[in-house]
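The values are calculated or read from the model by the stated rules, or taken from the named source; none is laboratory data. The shown structure was predicted, so the numbers you read here are calculated from the model rather than taken from an experiment. Ideal geometry is used to build each Cβ from the backbone, glycine not excepted, and the neighbour counts take in all protein chains shown.
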Amino acid sequence: MQSSTTLESKDTNRIDEDFPLFSQLQSYEHEQIVVCSEPSIGLKAIIAIHDTTLGPALGGTRMWNYNNEQEAIRDVLRLSRGMTYKAAISGLNLGGGKAVIIGDARTDKNEQLFRAFGRYVDSLGGRYITAEDVGIDVKDMEWVSMETKYVTGTPKATGGSGDPSPVTAYGVYVGMKAAAKKAYGSDSLEGKRIAIQGAGHVSSHLAKFLADENADLYICDIYEDKVNEVAEMTGAEVVDPDNIYGLDVDIFSPCALGGVVNDETIPQFKCDIIAGAANNVLDEEEKHGNVLLDKNIIYAPDYVINAGGLINVASELEGYNEERAHNKASRIYDTILDILNYSEDNDMPTYAASNILAEKRIKKVGSIQKIYSSKSQFSGHIGDMYKAKR
Ligand code: NAD
């Protein structure tokens, strides 16, 4: 008689041949993927729940005109997995999730679409909590929240946490100080030469923190009015966007785009530290993470140092309090230092050290769940606190 394991794997292999979706789910170790369809209104959405060991899966909804369904699936799987790591390393009791709506954010939006999507979110009973992401604005989320309470990152005017950028900037600031502590033995940024790429929401607040500490700032943006405004407010020197990588500075702070640490830019860097708000800073994580390690450039992993935004929306689930969100974001200092020390002790790139520490936390917290607690019957997760609040 065959063991059930053998039968199971045989069956899974058969399914894999027909639906590569299952092998993709398994390769990233996702728990669930929900395909949401309502042809009468053109809704095509996918919700991916990666891991809920630590709590309900939280992550924004992205609306994007994907070239094909495969591209949308790949994106939602990759992004939701990233949220698991971000929440775990940030010490949050949240899992990783993400949703994508396939469509053109300029032409395909309407009330029905978002309310239908909201119903799908609601059907998951709090396993997934959504928020804004690329292509989604406040009005869209208002429609979603007509159908579900599992929405966060709502405007301050309606009791929510509002724009996360100030808290994100604060997290980047303290994370940069932690990297300075590792590099120079002191976390003071006074007199440090810092190049900031981008003069947007996060970097304008970041530049203010740095200017208050008397750092020597250089800043660029593709829009002259934006960069001039931040320069005027902080005394930063405006530089050409093409020259930002090769400046003779101590710290490079990418706060605009992803992929800016790549084969072309690395040879230009003269900095000791790379620490900024942008997502997916390393063009190729493994390759460029290793090159930075070899060149002795300290890289503060993006999803750790920019977690202030997630910390901010997570605070909303417990009843938003700005001071508490700032306090939680200040822990990014210790988290970055732990990662940098682990990276040094194990001679590995910082992104890899961060992934390992995030996985360790998930495993450790997961292992205590076998102990019965009165909280267990309510699950004790943030989603339930949220329910209680409303
Ligand atoms: P933003 O759009 O307000 O600012 C980005 C700025 O970069 C803009 O002013 C843009 O003109 C500029 N820019 C674009 N291309 C550039 C280039 N080639 N050279 C120089 N400047 C360029 O965005 P933001 O909210 O400040 O976010 C900045 C980055 O941080 C993004 O990568 C975002 O994904 C990430 N992030 C933001 C938050 C948040 O709370 N806003 C949270 C986590 C991560």
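The table below lists the values:
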{"read-out": "Filter pass, residue 267 being under 29 Å from residue 186 (Cα atoms) and within 10 Å of the ligand (Cβ to nearest atom)", "value": "no"}
{"read-out": "Long-range neighbours under 6 Å by Cβ, at least six apart or interchain, first residue more than 13 Å from residue 122 (Cα to Cα) within the range 135-161, second polar (S, T, N, Q) and not in a loop (DSSP other than H, G, I, E, B)", "value": "136/61; 161/312"}
{"read-out": "Which listed residue is assigned by TED's automatic domain parsing to the domain that holds residue 343, out of contact with any Pro (no Cβ under 9 Å at 6 or more places or on another chain), among the acidic types (Asp, Glu) and within 14 Å of the ligand (Cβ to nearest atom), from 213, 229", "value": "229"}
{"read-out": "Identity of the residue in the range 216-226, within 13 Å of the ligand (Cβ to nearest atom) and not aliphatic (A, V, I, L, M), that ends up nearest to residue 186 (Cα to Cα)", "value": "218"}
{"read-out": "Qualifying residues in the range 208-227 (those that are within 24 Å of the chain's Cα centre (by Cα) and assigned to a helix (DSSP H, G or I)) - the one surrounded by the fewest Cβ atoms within 10 Å (Cβ to Cβ)", "value": "208"}
{"read-out": "Condition check for residue 342: more than 16 Å from the ligand (Cβ to nearest atom) and aromatic (Phe, Trp, Tyr)", "value": "yes"}
{"read-out": "Residue identified as at negative phi, outside any loop (DSSP other than H, G, I, E, B) and either out of contact with any strand residue (DSSP E or B) (no Cβ under 8 Å at 6 or more places or on another chain) or at pLDDT below 95 (or both) among 144, 174, 230", "value": "174"}
{"read-out": "Evaluation of residue 319 against (1) modelled with pLDDT of 95 or more; (2) not in a helix (DSSP H, G or I) (one fails), failing number", "value": "(1)"}
{"read-out": "The range 93-109, residues that are closer than 18 Å to residue 311 by Cβ and surrounded by fewer than 23 Cβ atoms within 10 Å (Cβ to Cβ)", "value": "93"}
{"read-out": "Of all residues in the range 240-264 being surrounded by 18 or more Cβ atoms within 10 Å (Cβ to Cβ) and in a loop (DSSP other than H, G, I, E, B), the one that is farthest from the ligand (Cβ to nearest atom)", "value": "250"}
{"read-out": "Considering residues of the range 177-205 that are farther than 23 Å from residue 265 by Cα and within 14 Å of the ligand (Cβ to nearest atom) only, the residue surrounded by the fewest Cβ atoms within 10 Å (Cβ to Cβ)", "value": "201"}
{"read-out": "Any hit, the range 235-255, residues being touching a strand residue (DSSP E or B) at 6+ places or on another chain (Cβ under 8 Å) and under 30 Å from residue 150 (Cα atoms)", "value": "yes"}
{"read-out": "Enumeration of residues in the range 147-171 that are of a type outside the set (Gly, Ala, Ser) and in a loop (DSSP other than H, G, I, E, B)", "value": "147, 148, 149, 150, 152, 154, 155, 163, 164"}
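Each row is one residue, and each column tells you yes or no for (1) at pLDDT below 95; (2) over 18 Å from residue 86 (Cβ atoms); (3) crowded, with 16+ Cβ neighbours inside 10 Å; (4) in the same structural domain as residue 202 (by TED's automatic domain parsing).
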residue: 287; (1), (2), (3), (4): no, yes, no, yes
residue: 295; (1), (2), (3), (4): no, yes, no, yes
residue: 332; (1), (2), (3), (4): no, no, yes, yes
residue: 342; (1), (2), (3), (4): no, no, yes, yes
residue: 349; (1), (2), (3), (4): no, no, yes, yes
residue: 355; (1), (2), (3), (4): no, no, yes, yes
residue: 374; (1), (2), (3), (4): yes, yes, no, no
